[in-house]
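Q: Below are the structure tokens for one structure; questions will follow.
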Amino acid sequence: MARLQHTNIARLLDSGATEDGSPYIVMERVDGRPINVHCKAEKLSVEATLRLYLQVCRAVAHAHYHFVVHRDLKPGNIPVDTAGVPKLLDFGVCKLLIGGGRGNTEAVETTHMVTPDYASPEQVRGDPITVASDIYSFGGRGPL
């Protein structure tokens with residue numbers, strides 16, 4: 001997570017484990033509203049909406065480049081701040097990819113936590129996931 005330094009990804013501030021061994025991460029607070037609410041409230045044109053969408057696509061691609069699959073892409077995890085900048089946050093259920101390199105990596109499932117309206121078919125089934133899971137959630141259903 002510390003490698004995910006990107007304008008459109010909320011900064012990682014701390015991580016660790018509680019006394020009982022539960023992992024935690026602390027990310028920057030983003031004052032804003034979900035991307036879909038922002039687009040409607042601001043009455044953004046198709047072009048302006050797509051510009052926001054492309055910023056988030058770059059953030060997701062950056063995470064994938066660092067072998068991180070978000071696994072929970074949805075409007076509530078993509079607020080647009082008061083300056084109009086979308087920020088990808090809530091990597092609480094993300095997975096680090098393992099395996100044989102580009103195109104041959106998958107995340108090992110240890111839990112079955114999904115947001116049904118945005119989960120990819122393999123997430124719903126509990127199968128191993130790849131970056132395609134994020135692409136489905138973001139591009140297939142789309143958070144907008």
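The values are calculated or read from the model by the stated rules, or taken from the named source; none is laboratory data. Please read all numbers here as calculations on a predicted model, not as lab measurements. Don't worry about glycine lacking a Cβ; one is built from the backbone with ideal geometry, like all the others, and counts go over all protein chains shown. In case anyone asks, the SASA skips ligands and DNA or RNA and just uses the protein heavy atoms, side chains included. Shrake-Rupley method; radii C 1.70, N 1.55, O 1.52, S 1.80 Å.
Q: Out of the residues in the stretch 74-91 that are β-branched (Val, Ile, Thr) and more than 14 Å from the chain's Cα centre (by Cα), which is most open to solvent (accessible area, probe 1.4 Å)?
A: As a first pass, look at the stretch 74-91 and keep what is β-branched (Val, Ile, Thr): 78, 80, 82, 85.
Still in the running and more than 14 Å from the chain's Cα centre (by Cα): 82, 85.
Working: Thr82: 135, Val85: 38 Å².
Going through the qualifying residues, I end up with Thr82.
Q: So, in the stretch 1-17, of the ones that are modelled with pLDDT under 90 and surrounded by fewer than 14 Cβ atoms within 10 Å (Cβ to Cβ), which residue ends up nearest to His66 (Cα to Cα)?
A: Across the stretch 1-17, the extreme among qualifying residues is Arg3.
Q: Continuing with the same structure: For the condition closer than 14 Å to Asn8 by Cα, modelled with pLDDT of 80 or more and assigned to a loop (DSSP other than H, G, I, E, B), what is the one hit in Leu44, Leu73, Leu52?
A: On the way: Leu44 fails: closer than 14 Å to Asn8 by Cα; Leu52 fails: assigned to a loop (DSSP other than H, G, I, E, B).
Going through Leu44, Leu73, Leu52 in turn, just one is closer than 14 Å to Asn8 by Cα, modelled with pLDDT of 80 or more and assigned to a loop (DSSP other than H, G, I, E, B): Leu73.
Q: It is to be established whether one or more residues within the stretch 23-42 are of a type in the set (A, V, I, L, M, F, W, C), without any contact (Cβ under 8 Å) to a residue 40 or more places away in the chain and touching a Leu at 6+ places or on another chain (Cβ under 7 Å).
A: yes
Q: Could you list, in sequence order, all residues of the stretch 58-78 that are of a type in the set (S, T, N, Q) and closer than 12 Å to His6 by Cβ?
A: none
Q: How many residues does the stretch 43-73 contain that are open to solvent by 50 Å² or more (accessible area, probe 1.4 Å) and either among the hydroxyl-bearing types (Ser, Thr, Tyr) or free of Cβ contacts under 8 Å to residues at least 40 places away in the same chain (or both)?
A: Of the residues in the stretch 43-73, 11 are open to solvent by 50 Å² or more (accessible area, probe 1.4 Å) and either among the hydroxyl-bearing types (Ser, Thr, Tyr) or free of Cβ contacts under 8 Å to residues at least 40 places away in the same chain (or both).
Q: Can you give me the number of residues within the stretch 18-35 that are of a type in the set (Val, Ile, Thr), surrounded by 10 or more Cβ atoms within 10 Å (Cβ to Cβ) and modelled with pLDDT of 85 or more?
A: The qualifying residues number 2.
Q: If you don't mind, there's one more thing I want to ask. Please count how many residues of the stretch 115-130 are within 22 Å of Ile78 (Cβ to Cβ), in contact (Cβ under 8 Å) with a residue 12 or more places away in the chain and either of a type in the set (A, V, I, L, M) or open to solvent by 40 Å² or more (accessible area, probe 1.4 Å) (or both).
A: Of the residues in the stretch 115-130, 6 are within 22 Å of Ile78 (Cβ to Cβ), in contact (Cβ under 8 Å) with a residue 12 or more places away in the chain and either of a type in the set (A, V, I, L, M) or open to solvent by 40 Å² or more (accessible area, probe 1.4 Å) (or both).
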